[in-house]
Structure formats: structure tokens, C-alpha cells
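Colleague: Following this message is one structure expressed as C-alpha cells.
Values quoted throughout were computed directly from the atomic coordinates according to the rules given, and no laboratory measurement underlies them. Nothing here was measured: the structure is a model prediction, and the numbers come from that model. Cβ: placed from backbone, ideal geometry, glycine included. Neighbour counts: every protein chain shown.
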């Protein structure tokens, strides 16, 4: 299907990255300069009960796209990775050269595998591969199962929100506009044949503080249902973005106090429809 947006004409094809034949039909019709691979089976907790499904989607699907990049000589491949690859990292902030060989969820393991395959295909087939480790992305159209969106819905419905642990876990929440800026810069990156970058705000927010900010912007108090820490969860994520700043010109600008009001504005409009 062809459509026209603010950035010009584009073609939308609905397909599953596990279906290599369907993907190949697309590549037969269009010559690509770059593949931006953001498709994935996402979420740490669901991966604990569905590891095979996560492997099929995130590993096999990534391999399908890398094979197409190889066969159709696409020179640039951008892979959406995750801060989850760092596991329980005692060193903060997390830097790209930290060890990632101890992931603690199937989801994280699939992202580590994707990065390794990117490196292999870059080395063997002269494809520039750029792996972007996203740190807790939020904003308009965020997945409804993620904390900020789910908490907002439950708070406005007067229902309890589950708080796992004592509320002191910290996340490097990254506003979607800042992520987009980093992805766009990666498309134009012409440096090393294989590179890895953190994309985060390089700031951390405790879970209890996140809930307070949501309460302030929603104008309602949260009902807290305290739960134990969940397997697969990490105590902190925190991005060292100095490399991305230097090599990509990455420049995140949206602090959580500014991003949450933008999200809530979208959330209110979306729930009127």
C-alpha cells in the first residue's frame, strides 16, 4: 500500500519478519539504501514464559533481514537493541564496551544474539551494522503494557498499580523524539563497519518518583499494590551516551519532567476516541 505523509511518499507493507518469502517479495520490488530493523517481540517479563516465541521472532527474524541485506547488497543495517543486554551491571553508567555475556531474561538474550549476528554479517559480507541500545523509551503511542502507559490507564480508572520491589529501582527513561534523533543519525553514520551506541537520556528516575510525576500530571493519586521484585528485572539502567554524542551527534533534550506532560497530553486525547 502506498501513502503520502508529511515526509513524502512511502509504501506500507504489513508482514511478519519471520516470513522470509514475504520479505523477499518487498526487496524484489524496491532497492534499499538502509534497513532500520525495529521489529521485535518486546518485553522482559513475557519472555520468561515464551522464550521460544522470542527466539523465533527476535533471532530468526533478525537473521532473515540480515540475509536480505546480504543478498540484495544493502550497505547499511540499523538494529534496535536494548539496555537489557547489560543485565545486572554493577558499573554505572553503562558503557558500550561493558560485558554483555550475562543477560538475565530470554528477551535480553535474543538482543545479545542479534548484536552478535550483526557483527558477523558486517565482518563477512561488508555490511555496515549499527546496533542501538535503547533505554526505556516512552512517549506518544507507547505500548500499553509498558509502565508509564499502563500506570496512567490504571490511575485514571481508579485501579491499583503493581509496584514491584520497594520503589527504588531506577530507569533511564528516554523520550521517543530523542530516540528518533539518534536513529536518524545512525542512518547517516559512515564510520566503522560495525558499531554499538547507547541511546538514553543519561539520567535515572526511581520508580516512586515516576509515579509521583504521573500523579501530578494526571491530577489523581495512585493506589499502590506492592509486589516482590520480578525475575528478569534489573535494579537500574543508566546510559553513558558520550560515544553517541561524539560519533552520532546524539543530543537528547527531554527530561522526564518535560516528557511525562507530553505523554499525558497524548494519552488523554487517545482515550477520548
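Colleague: By counting other Cβ atoms within 10 Å of each Cβ, how are 38, 214, 63 ranked from fewest to most?
Modeller: 38, 63, 214
Colleague: Between residue 215 and residue 45, what's the calculated FRET efficiency when r is the beta-carbon distance and R0 is 22 Å? Round to 0.05.
Modeller: 0.40
Colleague: Return, ordered by residue number, the residues of the stretch 58-77 whose backbone nitrogen is under 11 Å from a label point located 7 Å along Cα→Cβ of residue 27.
Modeller: The answer is 63-75, whose backbone nitrogens lie closer than 11 Å to the label point.
Colleague: Sticking with this one: According to a simple spin-label model (label point 7 Å from Cα along Cα-to-Cβ), what is the distance in nm between residue 180 and residue 143?
Modeller: 2.0 nm
Colleague: While we're here: What nm distance separates the two modelled labels at residue 104 and residue 255, each placed 7 Å from Cα along Cα→Cβ?
Modeller: Here the answer is 2.9 nm between the modelled labels.
Colleague: Gaussian network model of the chain, Cα springs within a sub-10 Å range: biggest mean-square fluctuation belongs to which of 60, 16, 240?
Modeller: Of 60, 16, 240, the most mobile in the Gaussian network model is 16.
Colleague: Length gain on complete extension for the stretch residue 225 to residue 159, per 0.36 nm per residue less the alpha carbon to alpha carbon distance? Provide the component values of the computation, followed by the final result.
Modeller: On the way: separation 66, 0.36 × 66 = 23.76 nm, distance 0.96 nm.
Extending this stretch completely gives an extra 22.8 nm.
Colleague: Would you give the gap between the C-alpha center of the stretch 32-81 and the C-alpha center of the stretch 193-239, rounded to a whole Å?
Modeller: The two parts, judged by their Cα centres, are 25 Å apart.
Colleague: Could you give the angle, 0 to 90 degrees to the nearest 10, between helix 20-29's Cα long axis and the longest principal axis of the Cα atoms of the chain?
Modeller: It works out to around 60 degrees.
Colleague: Neighbouring Cβ atoms within 10 Å as the yardstick, rank 34, 19, 118 fewest first. List each step's numbers first, then the result.
Modeller: Details: 34 16, 19 12, 118 26.
Neighbour counts put them in this order, fewest first: 19, 34, 118.
Colleague: Sorted from fewest to most neighbouring beta carbons within 10 Å, what does the list 173, 238 look like?
Modeller: Neighbour counts put them in this order, fewest first: 238, 173.
Colleague: Provide the gained length on full extension for the span residue 192 to residue 91, in nm with one decimal, where the gain is 0.36 nm per separating residue minus the Cα-Cα distance. Mind showing how you got there, number by number?
Modeller: Numbers: separation 101, 0.36 × 101 = 36.36 nm, distance 2.59 nm.
Net length gain for the segment: 33.8 nm.
Colleague: Further question on the same structure: What's the angle, to the nearest 10 degrees (0 to 90), between helix 61-71's Cα axis and the longest principal axis of the chain?
Modeller: Relative to the chain, helix 61-71 is tipped by roughly 30 degrees.
Colleague: Relative to the longest principal axis of the C-alpha atoms of the chain, give the angle of the C-alpha long axis of helix 176-188, reported between 0 and 90° and rounded to the nearest 10°.
Modeller: Rounded to the nearest ten degrees, it is 20.
Colleague: Then there's this: With springs connecting C-alpha atoms under 10 Å apart, model the chain as a Gaussian network and identify which of 151, 77, 32 has the largest mean-square fluctuation.
Modeller: 32
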